[in-house]
Amino acid sequence: MEKNREAQITIEFVPCFPQSYDMVLVVDLEGVGQDMLAVPIKAECLVPKVRVLPTDFLEYDQCFLRHPKTRRIEIINDDTLKAKYEIVAQDDQSKRIAIYTADQEAGVINPKSSQVVNITLKTEILSNIRIPLYVKVEGYHIPFMVTILATSIGPIVSVNKTELEYNNVEVLKDYIEKLVIKNESKIPAEYTAFTKNKESVWKVI
């Protein structure tokens, strides 16, 4: 560098942990000496105060198999700092049980504000469902965990009769009675109607 000239140096400081920093930047002059200038660096890294509602369980109650059902979580920023959040990607093992998706997978929450995230669940097996949902907030070492609870059920089907009454009938003459099957579900219901014995006077049409 020429004499009687200045050089402007930009220093970028990226804190890794929420703590107070007390460090020194040392400047060496090539051909002159080392540690010619020591510049103190002091900083305090703060993490915004964030909470997630519900704090424990996100309950879906009964869910029809592979039929989407939506519930919501709320990420609340109680601090004067901005907060950055991310819904952690679901692992493959839990996807075999149920799959959840978020309408807003990541974002920034302004101070004293909150963000509602809709979580849509589709179950993959008929069982009681219990899988974790993680919400990562920048600056927190451990993500927030909410447990998704659901009972996965198949179609609900009803019939209009429990017995078919033919009363007195003549031999060698066909008589027909109708049975109405009603699907009271939000998913299709596959059915098969048959007689117990292959050789029978009864026939299902």
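With a 10 Å cut-off between alpha carbons and a GNM built on the chain, which of Leu65, Leu121, Leu81 moves the most?
Ranking Leu65, Leu121, Leu81 by mean-square fluctuation puts Leu81 first.
Rounded, prolate or oblate for the range 92-190? Axes are the square roots of the Cα gyration tensor eigenvalues, ordered a ≥ b ≥ c, and the cut-off for rounded is a/c under 1.5.
prolate
Rounded to a whole number, what is D in µm²/s for the chain from Stokes-Einstein with the Kirkwood radius over alpha-carbon pairs (20 °C, 1.002 mPa s)?
It diffuses with D of about 90 µm²/s by this estimate.
With r as the distance between the Cβ atoms of Leu53 and Ala106 and R0 = 22 Å, compute the FRET efficiency 1/(1 + (r/R0)^6) and round to 0.05.
Plugging the Cβ-Cβ distance into 1/(1 + (r/R0)^6) gives 0.75.
Extension gain Glu170-Asn183, at 0.36 nm per residue separation less the Cα-Cα distance, in nm?
1.2 nm
In whole angstrom, how long is each semi-axis of the equivalent ellipsoid of the range 50-153, when you take the square root of 5 times every eigenvalue of its Cα gyration tensor and sort them from largest down?
One finds semi-axes of 27, 13, 11 Å for the range 50-153.
Going down the table (Lys122/Lys203; Lys95/Lys161; Lys42/Lys112; Lys95/Lys196), which pairs top 30 Å between alpha carbons?
The answer is Lys122/Lys203; Lys95/Lys161; Lys95/Lys196.
Students often check this: by mean Cβ neighbours within 10 Å, which of 8-15, 181-188, 91-98 ranks highest, and how do the rest follow?
Values: 8-15: 6.8, 181-188: 11.5, 91-98: 13.2.
In decreasing order of mean packing, 8-15, 181-188, 91-98 become 91-98, 181-188, 8-15.
Any read-out appearing in this document is the output of simple, stated calculations on the displayed coordinates, not a laboratory observation. As the structure is a computational prediction, the values presented were derived from the model and not from experiment. Ideal geometry is used to build each Cβ from the backbone, glycine not excepted, and the neighbour counts take in all protein chains shown.
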